[in-house]
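Heads up, the thing below is written out as structure tokens.
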Amino acid sequence: MAFVLRRCFYVLAYLTVFQVCLGSPNTAKKVPLDLYYESLCPYCANFILNELPIIFENGLIDIVDLRLFPWGNARLISNNSFICQHGPNECLFNTIEACAIDAWPNLEDHFPFITCVESQVSEGKYTQWETCFKELGLDPKPVTSCYNGEHGKKLKYAALTAALKPPHRYVPWVVVAGEPLLEDYENFVSYICKAYKGPPPSACKKASFASVLRGKIDHYHPVSYTEQTAKMQFLVNIWSSIASWTDQMI
């Protein structure tokens, strides 16, 4: 966990200084990269800890506008009450991470914190997440007062997730320049490169080769389905089994 945290933190710090000193390399707009996720989904945690750091390491963060939406497959049951796919702990950590984004809007502030929390909870260390404040030198008050009070319940990630067109069917749900990547989300770097209108960074040349390689090797893209999608998939599986049995009988 410490290695992942340090890697992300130092890369973000370096890139922030680099941008301040040299300015933007051109006038092309950054590519929006949106991640809709839930805090205790193991596939989401893997994406945050092992996939997203690539854009900080290879410099693509300079052309990317990364936004995180910690809600996922949670469901509202009243105005300020909701239930989460992986239970009450997930509701808590969704709120904590939403509060971190609200308290520290800059990516270089909230992303290392969320990475640290995800690293802790992915290892089942639910009671140790607050060590991330000390590890990163952050004041805990803005986040703790948010999730312990009413403000954390009023953050609009439920509405933002519900507004997705098309609706998300599972998490992680990755959207690049307004287009959902569906089960090809692990190739998000190649989509960023295709969407960028400026001179392609060197990382994009490497990404093209890597995406071809991944396409040949990877056939399984793990996700956590929404309740509705899971029910539909169950019905499809039943129908497929019935059809197969019928064919054998004929």
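Quick notes on this one:
- Exclusive hit being at pLDDT 95 or above and surrounded by fewer than 19 Cβ atoms within 10 Å (Cβ to Cβ), set Thr95, Thr131: Thr131
- Some residue of segment 2-11 being of a type outside the set (Ser, Thr, Tyr), in a helix (DSSP H, G or I), at pLDDT 95 or above and farther than 30 Å from Glu150 by Cα: no
- Of the set (1) open to solvent by 40 Å² or more (accessible area, probe 1.4 Å); (2) in contact (Cβ under 8 Å) with a residue 12 or more places away in the chain; (3) out of contact with any Ser or Thr (no Cβ under 9 Å at 6 or more places or on another chain), all apply to Ala159 but (2).
- Residue check, Ile54 in contact with a Pro (Cβ under 8 Å, 6 or more places away or on another chain) and either without any contact (Cβ under 8 Å) to a residue 24 or more places away in the chain or aliphatic (A, V, I, L, M) (or both): no
The values are calculated or read from the model by the stated rules, or taken from the named source; none is laboratory data. Computed from a predicted structure; not experimentally measured. Cβ: placed from backbone, ideal geometry, glycine included. Neighbour counts: every protein chain shown. Each accessible area value is taken on the protein alone, full model and side chains, heavy atoms only, with ligands, DNA and RNA left out. Shrake-Rupley method; radii C 1.70, N 1.55, O 1.52, S 1.80 Å.
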